[in-house]
1. Read phi for every residue in the stretch 267-275 and hand back ³J(HN,Hα) as whole Hz from Karplus 6.51 cos²θ - 1.76 cosθ + 1.60, θ = phi - 60°, with x for Gly and Pro.
2. Using the Karplus curve 6.51 cos²θ - 1.76 cosθ + 1.60 with θ = phi - 60°, work out ³J(HN,Hα) for each residue of the stretch 404-409 in order, rounded to whole Hz, and write x for Gly and Pro.
3. Within 14 Å, Cβ to Cβ, of ALA186, how many net charges do the neighbouring residues add up to if Lys/Arg are +1 and Asp/Glu are -1?
4. Quick one: compute the contact order of the chain, relative version, from alpha carbon pairs under 8 angstrom and 6+ residues apart, as a percent.
5. In the neighborhood of GLN53, defined by Cβ-to-Cβ distances under 13 Å, what is the net charge if each Lys or Arg adds +1 and each Asp or Glu adds -1?
6. If you average the C-alpha positions of the stretch 121-192 and of the stretch 277-293 separately, how far apart do those two centres end up, in angstrom?
7. Among LEU477, PRO386, SER330, whose Cα lies farthest out toward the positive end of the dipole of the chain, if unit charges sit on the beta carbon of Lys, Arg (+1) and Asp, Glu (-1)?
8. List the residues, sorted by chain then number, that are 5 or more residues from GLY231 or on another chain and whose placed amide H is less than 5 Å from its amide H.
Amino acid sequence: MKREEAFERLEAIDRELVMLEHMLSVLSWDQEMGISPKGFAERAKQMGWLSSQMHTLACSNEMGDLLAQLDAGQARPEGSGSSAFEKALIRIRYRHWEKHRSLPSSLVSALSEKGSLAHESWVEARKQNDWNLFKRDLGEIIALVREKASCYSREGFSGYDVLLDDFEVGMKGSEVQTLFSAIQPALVSLVDRLSDKEVDDSFLRLDYPVARQEAFSQIVLKDMGFDFSRGMRAVSVHPFTSTLGGDDIRITTRYTDPSVLDSFSSTIHEGGHALYEMGMNVGRQKGTSVANAASLGMHESQSRLWENMVAKSESFWIHYYPLFCDFFPSQTEGVSLKRFLQAANKVERSLIRVNADEVSYSLHIMMRFELEQEMLFGNLGMDDLPEAWNAKSRALLGVVPKTYAQGVLQDVHWSSGDFGYFPTYALGNLYGSQIWEKMHEELEVEALVREGNLSALSGYLNERIYAKGSLYRPADLLKQVTAKALDATLYTSYLEAKFSRLFG
């Protein structure tokens, strides 16, 4: 078989894998949005079977033979022999094959099935505020994840590192710890200083009709560049973005949170994810594994950038606050732009991660980063987890949950076995601040946002990040865009400057 034929076959298999992945997303979306109470067991088996089929195909002997013929895993000079797309696809498929072929299909299926069932016990436990309804399933998930980690382990690459690598390619837990240690003292200091500010945000907790909230956020999403011919939005328990196809990208929010800006922020956050998904699903890479983000940290950088750096900025609300007042005249009566901005950026010792302010958010992530390592590779058992959560919340955030739903049951991630995922949220803040700094060097960002020209920002990001998908590893992409390696201190410098302007 000629090299060209080998790559053609590799691409065909990859497209089949992506199609199966999208089919799995359809089943997952349907389960999240509404499935009959007795349908969960069969749905779990369906999703488990699909996952095992994908695993078998991606780690087959044929895949190994094709990759060997394509010299995968060997150093190849840049620019020699194949396009950036071809190099990326070979790299992606080799990385997956080399890492995941040690996993038995039975374990892949078991993880998927258990994750589907555990999700439902998590929903019920959260609803009833009853830890006992979920702890057994979580214990079983942890046992399966430990087994997965042991299958991945090799010299210099074991334990937490192999789980983190599924979400943030090539990064180790020790690197994350170094980055977090560099910014944690500054974040704690900022929270201490800013949480003492007297900010009246009571007007944000009035009754805001949901239909008007949806209409307002729809306008902003369109201005951002969200293509409603390729996507849609809905309501769910936990906001998320799901790609059911290259032209079927869906986002959700929820309207149960106390502040009107909680729901709005969730919509803009997920909208940022959707722009990335739409941007990468173009041209030849559409329908392939190259139409994925460089990493989940890079993906999160875009949702956090839109949510916080754009949609909580003074420039944004100079343009959109008059429209917001038109939609909600009685709720905003007598509320100045300055008061609104301070309320939108209020820093407080909060319990809920997804509603946390921009300053304290990363502290929520650091807490989870520590806890999941202790659960997986330490001595933290399920009976002790709620109190361990509360103790770390007290130490890092200065508050203690009064209920399980406010604490250990608030996040969906562990129910699906996504250990190693949480650090990417904080890494997204770090990537995003560095990209934001570079944008300001190359665009008149504040002027564009004041004019409501959000498409100029999305166009810039699309060209440099979205459309490139996973052509490059995250560290390489960040260096391409910003001309330097990741610098964690840029994030705290950004926060210091922004909140000094807002609060003095």
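1. Result, rounded to whole Hz: 4, 5, 4, 5, x, x, 4, 5, 4.
2. Along the stretch 404-409, the couplings run 5, 5, 7, x, 5, 9 Hz.
3. Around ALA186, the charge tally is -2.
4. After rounding, I find 20 percent.
5. In short, -1.
6. 28
7. Selected residue: LEU477.
8. Correct list: ILE249.
Where a number appears in this text, it was derived from the coordinates with a stated rule and is not lab data. Computed from a predicted model, the values in this text were never measured in an experiment. So basically every Cβ, Gly included, is an ideal-geometry build from the backbone, and we count neighbours across all protein chains shown.
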